[in-house]
Amino acid sequence: MRARPPPALRLVASGGREAGNRDWSGLMAAAQDGDRAAYRALLEGITPYVRALASRSFRDSGDIEEAVQDVLLTVHTVRQAYDPTRPFGPWLVAIANRRIIDRLRRQLRARSREVEFTSAHETFAGDAANLEQGGGTSDAAALHAAIDELPPEQRQAVRLLKLQEMSLQEAAQTSGKSVSALKVAVHRAIKSLRKRLREPEDAP
């Protein structure tokens with residue numbers, strides 16, 4: 001039994017002409033020969049089609065539009081590789097699926113890093129509070145001394161995000177660093193500080 005085609009492919013009629021009585025294969029062939037009007041018509045025709053595909057994987061309108069742009073950019077990049085004798089719909093869907101999956105994977109990695117950063121930041125916040133409030137002036141001094149010994153980027157990240165309690169966006173604007181760079185720096189700083197501050201407890 002033949003598998004049912006994806007719902008998006010229902011836009012393709014049995015005669016090989018896509019929705020709106022436009023032959024996307026023909027438009028692409030003309031675009032490959034340098035016909036700018038045909039290429040513009042093709043992009044205008046497939047954009048709602050690609051948006052419908054993206055809306056199945058993303059809820060946020062911004063994510064949907066970014067996915068659409070990813071797909072259109074890929075179509076533009078590989079347009080000369082398309083074979084006009086083959087159906088355009090499956091070729092487009094294959095590209096869209098790859099780009100959508102790529103974006104979903106990037107989002108998952110970003111969320112994973114965010115969880116890791118948040119967990120580490122909360123742990124450091126608890127350690128710092130215990131030192132400054134429960135351990136007395138000498139422990140607070142030890143904390144600040146340990147911060148002073150960090151590499152410049154890590155020291156700056158800790159001071160902005162922890163001591164001055166800035167948001168990641170505020171710290172990025174102040175430091176000129178990207179949010180991802182600040183996350184990496186503060187994560188490394190936290191690991192280093194926890195090690196430094198716990199070393200006396202482990203000493204014989």
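Listed residues 40, 56; which is within 29 Å of residue 108 (Cβ to Cβ) and basic (Lys, Arg)?
Numbers: 40 fails: within 29 Å of residue 108 (Cβ to Cβ).
Result: 56 is the single residue among 40, 56 that is within 29 Å of residue 108 (Cβ to Cβ) and basic (Lys, Arg).
Selection of the stretch 77-96 for residues being closer than 18 Å to residue 53 by Cα and in contact (Cβ under 8 Å) with a residue 24 or more places away in the chain yields 87, 88, 89, 90, 92, 93, 95, 96. Annotation note: of 80, 156, 69, the sole residue that is closer than 18 Å to residue 196 by Cα and modelled with pLDDT of 85 or more is 156.
The values are calculated or read from the model by the stated rules, or taken from the named source; none is laboratory data. Small disclaimer: the values here were computed from a predicted structure and weren't measured. Using ideal geometry, Cβ is built from the backbone for each residue, glycine included, and neighbour counts are taken over all protein chains shown.
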